[in-house]
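Working notes, beginning with the structure itself.
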Amino acid sequence: MSDLETNSHHRAKSGVRPIDKSRLSIQAMGLGRDFVTYKKPEGLLNSIKGLWNRKYETKVALQPTHLELEQGQIIGLVGSNGAGKTTLLKLLSGLIHPTHGDARVLGHQPWKREAAFLRRISILLGQKNQLWWDLPPADSYDLLARIYELDRTQARKRVQELAEMLGCRDQLLTQLRRLSLGERMKMELIGALLHEPEVMFLDEPTIGLDIVAQNSIREFLATYVRDRRPTVILTSHYMDDISLLADRLLLISKGRIVYDGQVDDFMSRAETRQTLSLKILQPLSEDLQLTADHRIAAGSRSLSIEIPSQQIGPALQKLLAVSPIQDIKIEEVEFEDIIRDFLEGRHDHLSQ
Amino acid sequence: MTTYLNKLWGGARLAALEQLTYRFNLFSDVAIQPLIVAAVELTLWLAFFQSTGRSELAGFSQDHYLAYAIWAAFVARISANWMYEWNMIDSVETGAVNAVLVRPISFYSFWLGQFLGYKLLTSSFSLAVPLLVCWAMKLPVQIERLPLALLLVVFYLIFVHTIAVIMASMAFFFNRVHHVTVAKNITLWMLGGEFFPLDILPENLREFMIALPFSSAVFRPVGYLTGRLTTEQLGEGFVSIAIGQVILGSLAFVLWRAGRRRYSGTGA
């Protein structure tokens with residue numbers, strides 16, 4: 001089955017409505033990228049030999065990928081480190097050339113870097129500053145307004161509006177280097193939205209931020225995308241980013257899209273798993289079969305297991321029958337773990 | 001065209017603002033550096049004339065050489081772009097170039113605007129140094145020739161910026177381009193006439209080196225200003241740069257395109 005067929009299969013099975021071809025904003029047709037690297041041998045002698053006898057290896061960063069996104073859709077692109085999500089983002093934003101396949105974003109081939117295309121997109125890299133380090137953001141925005149050929153009075157007004165929404169008007173005239181990470185990210189966001197892009201690529205916009213800053217940026221983005229309806233591809237390691245902002249989820253693994261469906265569908269099923277940690281007052285006198293998959297050995301006084309939510313009640317009843325509980329904690333499974341479980345086949349039901 | 005110039009001006013303005021942020025950096029750039037270089041060059045030429053007992057060399061007096069040394073230090077400071085070239089290479093190596101690649105401006109123009117803005121600001125201040133020294137020491141300078149001489153330097157800046165783009169493009173292929181840049185800069189200092197006037201070289205070598213566009217970095221504008229060259233010889237500098245710009249501009253274009261194709265979007 002081709003990737004396109006696989007994706008369509010997942011889409012159909014996960015309750016996503018069919019794509020309206022007339023409203024396509026992003027299209028990838030067998031888009032892929034390989035990287036060729038020198039395979040350096042170990043040791044001094046082999047390294048010297050490597051000067052004239054070199055071996056190269058090709059690594060597939062993104063396998064041929066088929067993708068169709070409608071205008072105004074917000075896609076959460078998730079996957080472990082090195083899965084290929086940033087490579088896909090870089091290809092669609094025109095930062096890099098593909099090894100094979102083709103793509104159209106707003107009708108343009110991204111890597112041609114046509115001005116008409118670049119004026120309509122924006123990319124925000126959560127781990128990179130795009131504004132000038134030694135200058136106040138207001139000065140950087142002036143240059144951006146000229147680069148995007150904006151009316152400078154209008155651009156200044158827009159900066160004020162966005163800063164008001166983000167609650168950072170007071171920092172516009174402070175050097176970027178003197179701002180906190182959260183404040184800097186807000187300034188980067190203003191820079192990325194100054195020209196009102198129709199397509200936004202957001203790569204880890206909340207990475208490294210404290211909870212308050214994360215929430216602030218998350219809420220701002222939620223309001224912004226709801227009001228302006230740009231097409232957004234968002235990558236994040238935080239479940240809250242994806243669940244609050246995205247309406248479609250693409251899970252990528254080893255350079256291949258392995259799940260394409262609704263975020264709610266993915267989360268509602270995945271969230272049924274919880275981590276149950278507890279301590280009992282008296283050690284067990286004999287082995288106890290807590291669930292079909294979990295058995296507690298005689299003599300144990302504590303346990304930490306990951307089980308479906310609906311099994312927590314019966315499991316506790318069984319345990320209380322043999323010993324009083326001293327301490328108990330029930331936690332939602334981490335987003336990373338849900339993804340890992342899915343990739344390891346533990347959530348097969350999601351794609352069926 | 002207006003839009004393009006507006007983008008260039010935006011970059012120039014931003015570079016000027018950046019320079020005006022730190023007072024000591026600016027002072028060091030516009031006064032301390034040219035003064036030290038000028039002092040070293042003056043000492044060398046004074047030592048040469050004192051030790052050889054000569055009063056002139058190749059038809060020009062000691063004062064002519066001192067004037068040349070003072071203005072060479074100033075003009076060489078303008079026409080050097082190693083700092084910007086370093087930043088451009090670094091941006092490709094670290095992936096900072098991504099911020100330019102996703103915006104509707106070319107890498108060439110993005111850096112050219114900032115480079116020219118930086119030079120305009122710092123040179124406006126540091127121009128006082130050679131003017132004051134030459135006035136105080138009563139050295140021979142044809143000050144009415146200054147505008148045309150500086151125009152050639154501005155023209156050369158565009159050419160030397162093209163070389164910087166070539167070096168930055170090489171960073172797509174190699175990861176130690178900075179090492180090449182050091183060797184290249186030393187070569188350019190000699191070819192430009194910063195160390196000594198190129199017309200004191202043996203005849204064949206002299207003609208060859210003066211014909212190259214690099215002589216417009218220092219020798220042609222300073223030689224013109226200090227009376228060693230005619231207006232016609234200065235004009236040849238514009239032609240030489242134009243030819244060089246076509247050749248190196250084409251090379252920069254090809255290298256940049258090839259580099260972009262293999263770029264992996266480092267750091268994003």
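Quick notes on this structure:
- Inter-residue pairs, beta-carbon under 7 Å, first more than 14 Å from chain B (Cβ to nearest Cβ) and in the range A:148-169, second open to solvent by 90 Å² or more (accessible area, probe 1.4 Å), 6+ apart: A:160/A:169; A:163/A:169
- Qualifying positions in the range A:186-214 - in contact (Cβ under 8 Å) with a residue 12 or more places away in the chain, under 18 Å from the mean Cα position of the chain (by Cα) and farther than 30 Å from residue A:27 by Cβ: A:208, A:209, A:210, A:213, A:214
- Restricted to the range A:230-333, the set of helices (runs of 4 or more DSSP H) holding at least 2 residues that are under 21 Å from the mean Cα position of the chain (by Cα) and at pLDDT below 85 comprises A:239-245, A:263-270.
- Any chance residue B:206 is open to solvent by less than 40 Å² (accessible area, probe 1.4 Å), charged (D, E, K, R) and either more than 24 Å from residue B:89 (Cβ to Cβ) or touching a residue at least 12 places away in the same chain (Cβ under 8 Å) (or both): no
- Residue A:119 at the interface with chain B (Cβ under 8 Å from one of its Cβ atoms), of a type in the set (Lys, Arg), within 22 Å of residue A:24 (Cβ to Cβ) and surrounded by 17 or more Cβ atoms within 10 Å (Cβ to Cβ): yes
- Some residue of the range A:247-262 being basic (Lys, Arg) and surrounded by fewer than 17 Cβ atoms within 10 Å (Cβ to Cβ): yes
- Among (1) more than 8 Å from chain B (Cβ to nearest Cβ); (2) within 23 Å of residue A:181 (Cα to Cα); (3) open to solvent by 50 Å² or more (accessible area, probe 1.4 Å) - the single one residue A:128 does not satisfy: (1)
- Enumerated helices (runs of 4 or more DSSP H) restricted to the range B:1-67, each holding at least 2 residues that are more than 12 Å from every other protein chain (Cβ to nearest Cβ) and β-branched (Val, Ile, Thr): B:33-52
- Residue A:52 being within 13 Å of chain B (Cβ to nearest Cβ) and open to solvent by 30 Å² or more (accessible area, probe 1.4 Å): no
This table checks each residue for (1) closer than 13 Å to residue A:166 by Cβ; (2) touching a helix residue (DSSP H, G or I) at 6+ places or on another chain (Cβ under 7 Å); (3) outside the structural domain of residue A:87 (by TED's automatic domain parsing).
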| site | (1), (2), (3) |
| --- | --- |
| A:183 | yes, yes, no |
| A:188 | yes, no, no |
| A:217 | yes, yes, no |
| A:227 | no, no, no |
| A:234 | no, yes, no |
| A:240 | no, yes, no |
| A:250 | no, no, no |
| A:265 | no, no, no |
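- Only one entry in B:164, B:136 is surrounded by 16 or more Cβ atoms within 10 Å (Cβ to Cβ) and more than 14 Å from every other protein chain (Cβ to nearest Cβ), namely B:164.
- Note on the range A:131-147: residues that are open to solvent by 20 Å² or more (accessible area, probe 1.4 Å), among the hydrophobic types (A, V, I, L, M, F, W, C) and either in contact (Cβ under 8 Å) with a residue 60 or more places away in the chain or facing chain B (nearest Cβ under 7 Å) (or both) total 1.
- Enumeration of residues in the range B:1-47 that are over 23 Å from residue A:119 (Cα atoms), open to solvent by 50 Å² or more (accessible area, probe 1.4 Å) and touching a Lys or Arg at 6+ places or on another chain (Cβ under 8 Å): B:33, B:37
- Those helices (runs of 4 or more DSSP H) lying entirely in the range A:109-192 with at least 3 residues over 24 Å from residue B:256 (Cβ atoms): A:137-147, A:152-166
- Residue pairs meeting the criteria (Cβ under 6 Å; at least 6 apart or on separate chains; first more than 15 Å from residue A:61 (Cβ to Cβ), in the range A:26-37; second assigned to a strand (DSSP E or B) and open to solvent by less than 10 Å² (accessible area, probe 1.4 Å)): A:26/A:69; A:26/A:105
- Apart from one condition, residue A:187 fits all of (1) within 14 Å of chain B (Cβ to nearest Cβ); (2) surrounded by fewer than 22 Cβ atoms within 10 Å (Cβ to Cβ); (3) in contact with a Pro (Cβ under 7 Å, 6 or more places away or on another chain); the exception is (2).
- When residue B:86 is tested against (1) at pLDDT below 95; (2) open to solvent by 30 Å² or more (accessible area, probe 1.4 Å); (3) within 13 Å of chain A (Cβ to nearest Cβ), just one condition goes unmet, and that condition is (3).
The values are calculated or read from the model by the stated rules, or taken from the named source; none is laboratory data. What you see is a predicted model, and the numbers here were worked out from it, not measured in a lab. Heads up, the Cβs are rebuilt from the backbone with ideal geometry, glycines too, and the neighbour counts pull from every protein chain shown. These accessible areas exclude ligands, DNA and RNA; they are computed on the full protein's heavy atoms, side chains included. Shrake-Rupley method; radii C 1.70, N 1.55, O 1.52, S 1.80 Å.
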